[in-house]
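Q: Starting off with a structure, shown below.
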Amino acid sequence: MLLPELRTQVLEANRQIAARGLALHTFGNASGIHRPADGSQPIVAIKPSGVPYAALTSADLVLTHLDGTLVEGSLRPSSDLDTHLELYRAFPQIGGIVHTHSEFATVWAQAGKSIPCLGTTHADYFHTTVPVTGYLTESAVRSGYVLETGRLITALFARDGLDPVSTPGVLVAGHAPFAWGATVTKAVEHADLLEFIARLAWRTALLGLHADSLPEYIAAHHHRRKHGPNATYGQKSSASA
C-alpha cells in the first residue's frame, strides 16, 4: 500500500470523529494530504463512503490526486471528496481536513450564524469570528453540490481576506462545519475545539450577558501566545531549547 504513515494518521482521525462524539453514524469524514517535496502530484487519503468508523481499516482508505483521479483503493471515496480537494487546492498551508456534524457547531450553521469571539478560549484557536458561508445557489447545487461547497468556502475566505491558518474552520450555512490543520491530527483537534467553542457561545448567548465580542487586543494577545514565531505557550523543542 502507498503512504502507510499517512493512512495510519487518517484512519485514527476518522476513528476520533466517532470517539469524540463529533458525528453520528457515518456522517463525518477525515482526509490527509501528502505533498511531495520533489514537486510531483500530491496524494489525498480519505475515508470511503458509508463505512462505519469501527469497521474502518487503513487498507479501506481511498487515495486520489488533487484532480480526483484514483491512485489506490477499491471502495468509493467519501461523498465529500470534492470539497476536500477544493480546500487542498486553495489552501496549500493545510495538511488535513475534518468534516463533522457536531451538534452545537451544526446548530450555528443551520441558523446561518457565525460564531462571535466571546472569550479567550475561542481566541486561543480562532483569532476572530468563526465564519459562516452563504447558501449555495440552485444552479450551484445542480452543477456540482460537493465541489461548489468547497468553492463557497474558498470564495468566502478570499473575499474577507481570512487566513486559513488563524481561522482553521468554517460553518457551511444550513449544513455543518469543516475544520482543518497542518496535519489531519491537528484538523480533528480543531474540529473538536470548534464544537466546544460553539457550545460555549450558545450557552453564553442564552445568558444574554455579552452583546459584543471580546476586545480585539485581548483576542489578538491570546492567539499570539499560542501561535506564530513569538508563541509563549508550551515547551520549546529540543532543537531550539
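Quick note: the coordinates plus some simple rules give every number you see, no bench work behind them. Bear in mind that the values here come from a model prediction, so they are computed numbers and not experimental data.
Q: In a Gaussian network model over the chain where Cα atoms closer than 10 Å are linked, find which of Val51, Val141, Val130 has the largest mean-square fluctuation.
A: Highest fluctuation of the listed residues: Val141.
Q: Among the helices of the chain (complete DSSP H runs), which have Cα atoms covering no less than 30 Å along the helix axis and a Kyte-Doolittle mean of at least 0.5?
A: TM-like helix candidates: 184-207.
Q: Given C-alpha coordinates of the chain, what is the ratio Rg to Rh with the Kirkwood estimate of Rh? Don't skip to the end; give the middle numbers.
A: Details: Rg = 17.8 Å, Rh = 18.4 Å.
Radius of gyration relative to Kirkwood radius: 0.97.
Q: Can you tell which of Gln110, Gln93, Gln41 shows the greatest fluctuation in a Gaussian network model of the chain with Cα springs below 10 Å?
A: Gln41
Q: How high is the relative contact order of the stretch 4-226, in percent, counting Cα pairs under 8 Å that sit 6 or more residues apart?
A: Relative contact order here is 23 percent.
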